[in-house]
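The values are calculated or read from the model by the stated rules, or taken from the named source; none is laboratory data. Just so it is clear, the structure is predicted and the values come from calculations on it, not from any experiment. Positions of Cβ are generated from backbone atoms using ideal geometry, with glycine treated the same way; all protein chains shown enter the neighbour counts. For the accessible areas, the whole protein counts, side chains as well, though only heavy atoms, and no ligand, DNA or RNA atoms are used. Shrake-Rupley method; radii C 1.70, N 1.55, O 1.52, S 1.80 Å.
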Amino acid sequence: MRCLVIFGLIVGIFAAIVGYAYLVFTDLTRPLPKPDYNDNTYWGPGDGKNYVPDTKINEFKLNVPQAEIEDLRQQLNRTLKLTEPLDGIAFEYGFNTNALEQYVEYWREKYLTKWDERQAFLNSLKQYTTEIQGLKIHFIHERVSEEVATKKHVYPLLLLHGWPGSVREFYDFIPMLTKNQNISDYAFDVIAPSLVGFGWSDAATRVGFNAAEMATVMRNLMLRLGHKQFFVQGGDWGSIIGSNLATLYPENVLGYHSNMCVLSTPLSFLKGIYTNYFPQKVLVSRMFYDHHVPMWDKYLDLLKESGYFHIQATKPDTIGAALDTNPVGLAAYILEKFQTCSGPSLKQDFGGIATAFGLEAVLDNLMIYYLNNAATTAARFYAENVSKPYRDLQLDRVQTPVPMGCVRFRFDLPAASLWQLSDKYTNIKRNMYFQHGGHFAAMEMPSMLYNDFTAFVSNVYEE
């Protein structure tokens, strides 16, 4: 009798544990409802009590005083007191100081001497500013010509960059989208904003400006320009912001296309573990395995390359002060990311950046950070997105019916599989893999990104 009692007690305890585990699992994996969200929060200086929105749209043209360029040249001309790299080390310990000396010399002696040419190039796309929620927002706005409009289906497109990028990433990509391309029936009126706190856009003046708030400002910018519905494309932070926009404001988004398809939910993590051990049951081709597995090796690589994330998510003003006041330090910090993202065959190569992206393109991007003193304000975005208020929104667990397209470039961050993405995106129209390319796809491989994005739009309208 005593044995039966003990057995019954064990069974009861086991059942209680299983039942509790099931309840916890269900609670952690079920979709959540879309939160109510304030779409008009004031982020400008002061308390905004007497704020009257300025709805004017102003032309923008970059015109840097020559004295500022001369001051930068003098700073770059100071004797560098850099530590020699270790014997046999290229970029394993960070940006190689011998390479840094060469980049600084090129920046000073070649790039800055043709600044008028570079400035003219940066001004070659039409740019504007307007005020949204108390913040001056800078944006590129390139429209299709009347001739193209008669031949193509034309839709508005919001292009979103990330860190340590800028609108400079899109200078080869945008003309493809607006011109009469034979391979597509679609063309786009392109709006590419500098994110809040990046480039020539104002920074928020108080705590709390996270990706959901950024998505709201970007959506309100599109409404200001008369676009009630539009496509969204983004990578890096642009992908997160685009996802938030499609989640919070699905009525405004015709389709969302990402070249950094990530999902941070408990269920996605569990599915990732399953995929790691049974890829043949999840992925349709062995060609795709390297994008997802071995999972633990990819997380280890991510850990090795994400020290900057921890610094910017915890002490952004410290690293910002070091970079805003030191153009050589800023160059080392930003160039190191482009070096790492040049791909496994190039990231230890002294010519990696030039080969993958081109020197002028990367230095243009660096100048945008330098001229706007944006190291601190851009870094703060990391801190806001690991804060409790943003984490509590759990937007990755809120489903969206917006048509979604995902393209994975081989050497980008570890991406979510179709199986994982389907938990959030209930209307996936395109699921693509490329065996080349990396994190800065619009800059490195604009043609491939263009082909995939237009194929996604075609799938949205022709299926």
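Length, then width, then depth: along the principal axes, the Cα atoms of the chain run 94, 61, 52 Å.
Remark: the chain carries 47 Å² of accessible area per residue (probe radius 1.4 Å; ligands, DNA and RNA excluded).
For Leu263, the amide hydrogen comes within under 5 Å of the amide hydrogens of Ala416, counting only partners 5 or more places away or on other chains and with H modelled in the peptide plane.
Residues whose amide H falls under 5 Å from that of Phe60, counting only those 5 or more places apart or on a different chain, are Gln127, Tyr128, Thr129, with hydrogens built in the peptide plane.
Between the listed residues Thr265, Tyr171, Val190, the Cα displaced farthest toward the positive end of the dipole of region 64-461, a dipole computed from Cβ unit charges relative to the Cα centre, is found at Thr265. Around Val398, which amide H atoms from residues at least 5 apart in sequence, or from another chain, sit under 5 Å from its own amide H, with H modelled in the peptide plane? Hits under the 5 Å cutoff: Leu32.
Between the alpha-carbon centres of region 151-182 and region 187-258 there is a gap of 14 Å. Evaluating 6.51 cos²θ - 1.76 cosθ + 1.60 at θ = phi - 60° for every residue in region 55-72, the Karplus couplings come out as 8, 5, 10, 10, 5, 10, 9, 5, 8, 7, x, 4, 4, 5, 5, 5, 5, 5 Hz, glycine and proline recorded as x. Placing pseudo-labels 7 Å out from each Cα toward the beta carbon at Ile273 and Asn40 gives an inter-label distance of 4.7 nm. Taking every alpha-carbon pair under 8 Å whose residues sit at least 6 apart, the chain reaches a relative contact order of 19 percent. Here, region 257-413 is characterised by an Rg to Rh ratio of 1.00, where Rg is the alpha-carbon radius of gyration and Rh the Kirkwood radius. For region 243-249, 3J(HN,Hα) computed residue by residue from phi via the Karplus equation (6.51, -1.76, 1.60; θ = phi - 60°) reads 5, 4, 5, 5, 7, 7, 10 Hz, glycine and proline entered as x. Every Cα-Cα pair in region 92-167 was counted, and those over 18 Å apart are 68% of them.
When Arg108, Arg78 are compared by accessible area at a 1.4 angstrom probe, the order from most to least is Arg78, Arg108. For region 181-267, the alpha-carbon radius of gyration amounts to 1.16 times the rule-of-thumb value 2.2 N^0.38 Å expected for a compact globular protein.
Projection of the Cα convex hull of region 276-339, averaged over all directions and equal to a quarter of that hull's surface, yields 5.9 nm². Using the Cβ-Cβ distance between Thr113 and Ala321 with R0 set to 30 Å, the FRET efficiency works out to roughly 0.50. Each Lys and Arg adds +1 at its Cβ and each Asp and Glu adds -1 at its Cβ; summed about the Cα centre, the chain shows a dipole of about 1180 debye.
Straightening the chain between Ile89 and Lys179 buys 27.9 nm, computed as 0.36 nm per residue apart minus the Cα-Cα spacing. Backbone geometry of region 196-212 corresponds, through the Karplus equation with coefficients 6.51, -1.76 and 1.60 at θ = phi - 60°, to 3J(HN,Hα) couplings of 4, x, 10, x, 9, 8, 4, 9, 5, 9, 8, 5, x, 7, 9, 5, 5 Hz, x marking Gly and Pro. For region 176-220, just say rounded, prolate or oblate: build the C-alpha gyration tensor, square-root its eigenvalues into a ≥ b ≥ c, call rounded for a/c under 1.5, and beyond that prolate if a/b exceeds b/c, oblate if not. Because a/c hits 1.5 or more and a/b exceeds b/c, region 176-220 counts as prolate. The loop-placed chymotrypsin sites (Phe, Trp or Tyr not before Pro) in region 374-463, going by DSSP, include none that has at most 13 neighbouring Cβ atoms within 10 Å of its Cβ. The label-point distance for Ser447 and Asp54, in a model that sets each label 7 Å from Cα toward Cβ, rounds to 4.4 nm.
You can think of it this way: the chain between Val386 and Gln75 has 108.5 nm of extra reach, that is 0.36 nm per residue less the Cα-Cα gap. When the accessible area of region 155-252 is split by element with a 1.4 Å probe, what percent falls to carbon and sulfur? Within region 155-252, the accessible surface is 46 percent carbon and sulfur. Cα-based values for region 205-249, radius of gyration first and Dmax second, are 10.6, 30 Å. In region 189-322, inverting the average of 1/r over every pair of distinct C-alpha atoms gives 17.5 Å as the Kirkwood radius. Can you give the helix-only mean residue ellipticity at 222 nm for the chain, where every DSSP H stretch with n ≥ 4 adds -39500 (n - 2.57) and the sum goes over all residues, rounded to the nearest 500 deg cm²/dmol? Computed mean residue ellipticity for the chain: -13500 deg cm²/dmol.
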